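**Q** Following this message is one structure expressed as structure tokens.
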Amino acid sequence: MKNIVYLFLLVFLNGYSQTLEQLKMETKTFYDAHYNMDFDGIAALYHPGYFEKITKEEITAKLDEQFQNDKTGIRFVFPTMNFTFGTIQEIEGKKYCVIYLKIRIE
């Protein structure tokens, strides 16, 4: 077991969150979807541009494979997480925010 600091760059912020409070609510929704292995819910929060490269069905199938794999499956074991939010920045008309969380990987 080891602790690492995991860095999220949430590109789904574009067009969805306009304030830090909205981003905090969306981040909780995003984490909850992972914790509950709600693959459709996870895919629903992806940036729309992501679907230009891969379909929603391919995303949910890949998530299912990664999470429910007996050998190296991913599990979010804590029902809640503490996130640290950077400032929301606008770059070329799009909003971005770096979100940090400390997560344990086994």
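**Q** Of everything in the range 1-51, what is within 18 Å of Q66 (Cβ to Cβ) and modelled with pLDDT under 50? Give them in sequence order. Spell out the reasoning first.
**A** Restricting attention to the range 1-51, the residues satisfying the condition of being within 18 Å of Q66 (Cβ to Cβ) are 4, 6, 8, 30-46, 50.
I4, Y6, F8, listed by residue number.
**Q** Here's another thing I want to ask about it. Within the group N82, N69, which residue is at pLDDT below 90 and either surrounded by 15 or more Cβ atoms within 10 Å (Cβ to Cβ) or over 20 Å from L101 (Cα atoms) (or both)?
**A** Values: N82 fails: either surrounded by 15 or more Cβ atoms within 10 Å (Cβ to Cβ) or over 20 Å from L101 (Cα atoms) (or both).
Of N82, N69, the one residue that is at pLDDT below 90 and either surrounded by 15 or more Cβ atoms within 10 Å (Cβ to Cβ) or over 20 Å from L101 (Cα atoms) (or both) is N69.
**Q** Among the residues of the range 51-66, write down those that are open to solvent by 60 Å² or more (accessible area, probe 1.4 Å) and without any contact (Cβ under 8 Å) to a residue 12 or more places away in the chain.
**A** Going through the range 51-66, the residues open to solvent by 60 Å² or more (accessible area, probe 1.4 Å) turn out to be 51-53, 55-58, 62, 64-66.
Of everything in the range 51-66, those that are open to solvent by 60 Å² or more (accessible area, probe 1.4 Å) and without any contact (Cβ under 8 Å) to a residue 12 or more places away in the chain turn out to be F51, E52, K53, T55, E57, E58, K62, E65, Q66.
**Q** Could you look through the range 63-94, keep only residues that are touching a helix residue (DSSP H, G or I) at 6+ places or on another chain (Cβ under 9 Å) and not hydrophobic (A, V, I, L, M, F, W, C), and pick out the one that is farthest from T19 (Cα to Cα)? Spell out the reasoning first.
**A** Looking only at the range 63-94, we keep the residues that are touching a helix residue (DSSP H, G or I) at 6+ places or on another chain (Cβ under 9 Å), and these are 63-64, 67, 72-81, 83, 85, 87-88, 94.
With not hydrophobic (A, V, I, L, M, F, W, C) added as a condition, the list becomes 64, 72-73, 75, 79-80, 87, 94.
Details: D64: 31, T72: 36, G73: 34, R75: 29, P79: 24, T80: 21, T87: 10, K94: 13 Å.
My answer is T72.
**Q** If a residue has to be of a type in the set (V, I, T) and within 15 Å of D40 (Cβ to Cβ) to count, how many in the range 54-80 make the cut?
**A** 4
**Q** Another one. Within the set of pairs 6 or more residues apart or between chains, which connect a residue that is under 15 Å from M25 (Cα atoms) inside the range 84-104 to a residue that is charged (D, E, K, R) and open to solvent by less than 60 Å² (accessible area, probe 1.4 Å) with Cβ atoms less than 8 Å apart?
**A** So the pair list comes out as I88/K95.
The values are calculated or read from the model by the stated rules, or taken from the named source; none is laboratory data. Note that the coordinates shown come from a computational prediction; the quantities given were computed from them, not determined experimentally. Heads up, the Cβs are rebuilt from the backbone with ideal geometry, glycines too, and the neighbour counts pull from every protein chain shown. Please note that ligands, DNA and RNA were not included when accessible areas were found on the heavy atoms of the full protein model with its side chains. Shrake-Rupley method; radii C 1.70, N 1.55, O 1.52, S 1.80 Å.
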